[in-house]
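Just so you know, all these numbers are worked out from the coordinates, no wet-lab data involved. Here the structure is a predicted model, which means the values were calculated and not measured. A quick note on method: Cβ atoms are made from the backbone with ideal geometry, for glycine too, and the neighbour counts reach across all protein chains shown.
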Amino acid sequence: MDKEKVFQDAKDWVLEAGEYIRDRINEPLHIETKSNPDDLVTQMDQDTEEFFAGKIKGTYPSHRVFGEEGFGDDVKDLEGVVWIVDPIDGTMNFVHQQKNFAISIGIYEDGVGEIGLIYNVMDDVLYTAVKGEGAQRNGEVLPELSKDRPLHRSIFSLNTTWLIEENRLVDSKGIADLVKTLRSTRSYGSAALEFAFVAEGLIDGYVTMSLMPWDVAAGKVILEEVGGIVTAGDGSRLDMVKRSSVCATRDNIHEEVIADYIRLK
Ligand code: IPD
Ligand code: CA
Ligand code: CA
């Protein structure tokens with residue numbers, strides 16, 4: 001693909017979609033639920049994904065779209081160029097707070113993450129990365145992440161779900177030990193923003209047991225460009241077409257977190 005052109009188009013469309021959402025942020029929302037009463041989706045999620053699918057297919061007919069709301073293709077592998085789209089990441093924040101949500105787009109070619117964009121819509125902050133060319137925040141280069149800070153001086157983003165004993169996915173005791181070791185934890189409610197905040201150095205890691213590829217695709221590209229490490233919770237390579245656990249941290253603490261704290265069930 002012509003990376004420069006694709007990147008420019010993706011950036012233009014993300015900013016356009018963001019402006020559309022911002023202009024309508026106070027309009028009444030049409031809210032539905034998906035898998036359970038707390039799994040929300042709005043007309044805005046759907047309209048935004050439809051907008052991207054239309055732009056992508058109209059401009060790049062051979063590219064495929066892998067989107068959360070189903071306006072793209074039935075993607076089972078990452079052959080060729082695939083745009084992995086989360087039109088609104090943090091829908092619960094969108095509904096309850098009208099802020100703290102993001103548009104997230106990762107563009108992969110033959111399975112390799114080449115371009116990542118995460119747009120914090122209400123703050124008008126755009127995180128971008130092109131593989132091999134570094135990452136930026138609103139056009140300013142993001143520096144490489146520190147490799148010195150130890151785990152006990154680190155702040156992680158972590159959802160309290162993983163501390164509940166009955167959870168199906170991880171040994172909650174290991175996660176509780178991690179919380180005790182860390183300096184502190186945060187929960188932002190948007191996986192894409194949590195990746196972006198690790199890349200920006202605001203937090204040192206993000207650990208979660210269940211994300212879909214569109215939650216991760218852009219963040220992985222951006223974080224890896226500043227020297228971060230992104231794997232599944234057992235340290236294995238992420239499968240970008242399946243739901244997975246995720247451990248995304250600065251370089252020097254990644255192995256320790258996997259080896260000493262995350263015990264997948
Ligand atoms: C969700 C958010 C949330 C994460 C969930 C995701 P959505 O995405 O990223 O922070 O904990 O696992 O599903 O549904 O708002 O796009
Ligand atoms: Ca999401
Ligand atoms: Ca979403």
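Remarks
- Between E165 and D12, the distance separating the two model label sites (each 7 Å from Cα on the Cα→Cβ line) works out to 5.8 nm.
- Taking region 151-260 and dividing mean pair separation by its residue count, relative contact order in percent (alpha carbons under 8 Å, at least six apart): 26
- Between region 4-71 and region 130-189, the alpha-carbon center distance in angstrom: 27
- Principal semi-axes of the equivalent ellipsoid, √(5λ) from the alpha carbon gyration tensor of region 3-141, are 24, 18, 13 Å from largest down.
- Using only alpha carbons, the chain has a radius of gyration to Kirkwood radius ratio (Rg to Rh) of 0.95.
- Using Cβ point charges alone (K and R +1, D and E -1), the dipole size of the chain about the Cα centre works out to roughly 740 debye.
- Per residue, the average separation of C-alpha pairs within less than 8 Å and at least 6 apart gives the chain a relative contact order of 17 percent.
- Angle in degrees between helix 43-59 and the longest Cα principal axis of the chain, rounded to the nearest 10: 60
- When region 151-260 is reduced to its Cα atoms, the Kirkwood hydrodynamic radius in Å: 13.6
- Acute angle (nearest 10 degrees) that the helix 191-200 long axis makes with the longest principal axis of the chain, alpha-carbon atoms: 70
- Full-stretch length increase - K180, R153 - with 0.36 nm per residue and alpha-carbon distance subtracted: 8.6 nm
- Positive minus negative residues near M1 (Lys, Arg vs Asp, Glu; Cβ under 14 Å): -3
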